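Asker: For reference, the structure I am asking about is given below.
The values are calculated or read from the model by the stated rules, or taken from the named source; none is laboratory data. Treat the numbers as computed from the prediction; the structure is a model and nothing was measured. Because the Cβ atoms are built from the backbone with ideal geometry, glycine has one as well, and the counts that use them run over all protein chains shown. Ligands, DNA and RNA are excluded from the accessible area calculation, which covers all protein heavy atoms including side chains. Shrake-Rupley method; radii C 1.70, N 1.55, O 1.52, S 1.80 Å.
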Amino acid sequence: MNKTQYKELNREYLTLKSAEPGVENIGGVLVKRLADGSGDKTATLSSIVVCRYSGSLIDGTQFDSNENDTMPYPFRVRELIEGWQIALTHMKVGDKWELTIPAELGYGSAHIDGIPAHSTLIFTLELLQIA
């Protein structure tokens, strides 16, 4: 599959996903809420967060996960991909969301560690803590 075909396949996936029941668009990220947290505090770009997550491509290929880690690593929100920044600044502790992130809010045209350029990224993301 060439680059143009791959980009089109990802665009088609986003169109189909956006039409699914329960999916909302938050700043360009397609979100399906899987579990609701508590409280009203959300992260800011300068926050440090602890999350449990897994990431895959539209074909189901998993490229990253910390679901089996006993102690998830903390992240500074501003150092994450833009799609995560958007989501995390809208999530409460305990929220678990499925994120569908278009390439322009992920890694764009870069090929990163087994993630092809122009890839839509799908994450299950649970916000455990905001520091």
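Asker: Can you give the net charge of the other residues whose Cβ lies under 14 Å from the Cβ of residue 19, counting K and R as +1 and D and E as -1? Intermediate values should be presented prior to the final figure.
Answerer: Details: positive: 11, 17, 32; negative: 12, 20, 24.
So the surrounding residues net to 0.
Asker: Same structure, new question: Can you pull the percent of the chain's accessible area that's carbon plus sulfur, 1.4 Å probe, other chains left in place?
Answerer: Values: 3540 of 7210 Å².
That share works out to 49 percent.
Asker: To continue, here is another question. Can you give the local net charge around residue 119? Use residues other than it whose beta-carbon is closer than 15 angstrom to its beta-carbon, Lys and Arg +1, Asp and Glu -1.
Answerer: -3
Asker: Still on this structure, I have one more. Please state, rounded to one decimal and in Å, the Kirkwood hydrodynamic radius that the chain gives when every pair of distinct Cα atoms enters the mean of 1/r.
Answerer: Numbers: mean 1/r = 0.0665 Å⁻¹.
Answer for the chain: a Kirkwood hydrodynamic radius of 15.0 Å.
Asker: So, for the chain, what is the accessible surface per residue at a probe of 1.4 Å, expressed in square angstrom? List each step's numbers first, then the result.
Answerer: Values: 7210 Å² over 131 residues.
The answer is 55 Å² per residue.
Asker: Against the longest principal axis of the chain, how steep is helix 3-18, in degrees 0 to 90 to the nearest 10, with axes from Cα atoms?
Answerer: 50 degrees
Asker: Separate question: For residue 89 and residue 23, calculate 0.36 nm times their separation in residues minus their Cα-Cα distance, and state this gained length in nm to one decimal. Present the calculation step by step, with values, prior to reporting the outcome.
Answerer: Working: separation 66, 0.36 × 66 = 23.76 nm, distance 1.77 nm.
Extending this stretch completely gives an extra 22.0 nm.
Asker: Within segment 96-115, name every residue whose backbone N is under 19 Å away from a label modeled 7 Å from Cα of residue 59 along the Cβ vector.
Answerer: Within reach of a label on residue 59: 101-103, 107-115.
Asker: Heavy atoms only, 1.4 Å probe, whole protein assembly: order 75, 123 by accessible area, highest first.
Answerer: On the way: 75 45, 123 10 Å².
Per-residue accessible area, sorted high to low, gives 75, 123.
Asker: Which parts of segment 106-131 would a label at residue 34 reach, counting a residue when its backbone N lies under 19 Å from a point 7 Å out along Cα-to-Cβ?
Answerer: 120-130
Asker: In whole Å, largest first, what are the principal axis extents of the Cα atoms in segment 45-113?
Answerer: Between the extreme Cα coordinates on each principal axis of segment 45-113 lie 29, 26, 19 Å.
Asker: Now a separate question. Normalising by the residue count of the chain, find the relative contact order in percent from Cα pairs under 8 Å and 6+ residues apart.
Answerer: 32 percent
Asker: What is the sum of charges around residue 58, taking Lys and Arg as +1, Asp and Glu as -1, for the other residues whose C-beta is under 14 Å from the C-beta of residue 58?
Answerer: On the way: positive: 7, 11, 17; negative: 8, 12, 20, 59, 98.
Here the count lands on -2.
Asker: Would you list, by chain and number, the lysines whose Cα falls below 17 Å from the Cα of residue 92, excluding same-chain residues fewer than 8 positions away?
Answerer: Cα-Cα hits under 17 Å: 32, 41.
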